[in-house]
1. Tally the DSSP beta bridges in the stretch 64-306 and give the antiparallel ones as a percent, rounded to 5.
2. Computed over the Cα atoms of the stretch 231-355, what is the ratio Rg over Rh, Rh following Kirkwood?
3. For the stretch 1-80 and the stretch 189-217, write down the distance between their C-alpha centroids in whole Å.
4. In nanometres, what is the gap between the two model label sites at residue 215 and residue 395, each 7 Å from Cα along Cα-to-Cβ?
5. Let me know the shape class of the stretch 1-104, please: from the alpha-carbon gyration tensor, a ≥ b ≥ c as square roots of the eigenvalues, rounded when a/c is under 1.5, otherwise prolate if a/b is greater than b/c, or oblate.
6. What number results when the radius of gyration of the stretch 303-373, computed over Cα atoms, is divided by 2.2 N^0.38 Å?
7. With each label point set 7 Å from Cα along the Cα-Cβ vector, what nm distance links residue 402 and residue 306?
8. Between 196, 31, 90, where does the largest GNM mean-square fluctuation fall for the chain, given springs only between Cα atoms within less than 10 Å?
Ligand SMILES: *Cc1c(COP(=O)(O)O)cnc(C)c1O
């Protein structure tokens with residue numbers, strides 16, 4: 001029996017069973033053809049069943065699927081770390097691989113804390129954002145700030161090492177004034193906070209955060225698990241403001257195999273170099289550097305560059321704006337658009353009840369949560385398919401009159 005995520009198993013409506021998938025289409029057991037408007041939790045950026053991605057996995061499988069990185073290494077993980085070092089901005093050159101995003105965030109936080117321990121500093125406090133989401137493991141949860149995900153641990157007072165601030169310049173200045181010399185790191189989802197409600201904020205906040213981190217000797221961590229690989233319209237937000245540690249996941253393997261990476265700059269890496277074995281980074285996920293995952297990640301990056309994905313994402317954003325800007329309904333609180341992400345936030349979660357079924361009847365798979373109805377489409381979506389997604393979202397409001405009106 002499968003135990004499903006974020007579900008009350010007692011009252012859950014049965015999930016849709018997928019039998020095949022191709023491009024942006026999911027083909028279901030009931031004979032439906034559904035456009036996936038959320039890219040399987042934002043990861044399937046090239047669509048499903050992509051011939052070139054399939055092929056590299058088949059090729060690698062004929063050599064080997066996996067060997068551990070403890071005492072062993074292989075060409076594919078070497079090629080991927082070389083490619084990332086060359087492709088990522090600045091001196092983000094040292095790649096530590098993990099099997100999932102949450103673990104990669106743990107690694108980033110561990111790096112920041114141990115970087116300080118290694119240099120004899122007692123800095124332990126972590127600065128994070130309100131409404132942050134950084135994963136579901138304990139420490140990642142602690143820096144997260146979303147009660148809807150983590151309420152079960154609310155009474156766990158481990159939170160005292162973490163300070164949360166809103167994405168406002170005044171709050172940022174105040175936090176550094178008050179705690180600047182106790183902070184080990186500042187972790188953010190840059191520009192776009194995903195699971196915390198598709199909240200978007202200005203790059204000026206990050207520019208100032210970089211300056212304050214430099215002034216106060218604090219490491220800046222970008223969790224780009226959701227924003228990386230073009231989702232904000234930038235290749236990485238790190239192209240605009242350079243962090244000390246960058247975390248990538250989700251789109252890294254084009255949604256094929258769970259894998260993530262924590263990339264450190266030279267300064268962080270050098271903080272672990274020593275003749276003392278106790279100063280080494282003590283972490284090692286079993287499946288880190290999995291050869292199938294690394295091989296498909298390399299191909300995914302190749303497609304991203306070769307097929308000019310930033311242009312595709314700019315086209316998606318234009319259509320989002322053309323279809324959604326100015327769309328109003330009394331139930332809608334705000335519409336937010338950035339790059340490959342569009343969100344219609346409603347005032348009351350009840351006004352989204354039944355949307356999943358409504359969309360399925362119109363050939364679209366979507367899964368709103370709380371008060372957020374959003375699209376994070378695969379970048380290879382056609383204009384017609386994208387219009388079908390957005391017009392389904394609008395039709396939900398147009399065809400369901402406000403009750404009592
Ligand atoms: C999805 C996500 C994570 C967690 O990644 P998993 O692979 O699900 O563990 C962490 N941070 C952000 C910003 C995410 O969107």
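1. 45 percent
2. Value, to two decimals: 1.11.
3. 31 Å
4. Result: 5.4 nm between the two label points.
5. Since a/c reaches 1.5 and a/b is larger than b/c, the shape of the stretch 1-104 is classed as prolate.
6. Values: Rg = 14.3 Å, N = 71, 2.2 N^0.38 = 11.1 Å.
Relative to the 2.2 N^0.38 Å estimate, the stretch 303-373 comes out at 1.28.
7. With each label placed 7 Å out from Cα toward Cβ, I get 5.1 nm.
8. Highest fluctuation of the listed residues: 31.
None of the figures in this text is laboratory data; all of them are computed from the coordinates on show. Predicted model, so just to flag it, every value in this text is computed and none were measured. In this analysis, Cβ positions are derived from the backbone assuming ideal geometry, glycine residues included, and neighbour counts consider all displayed protein chains.
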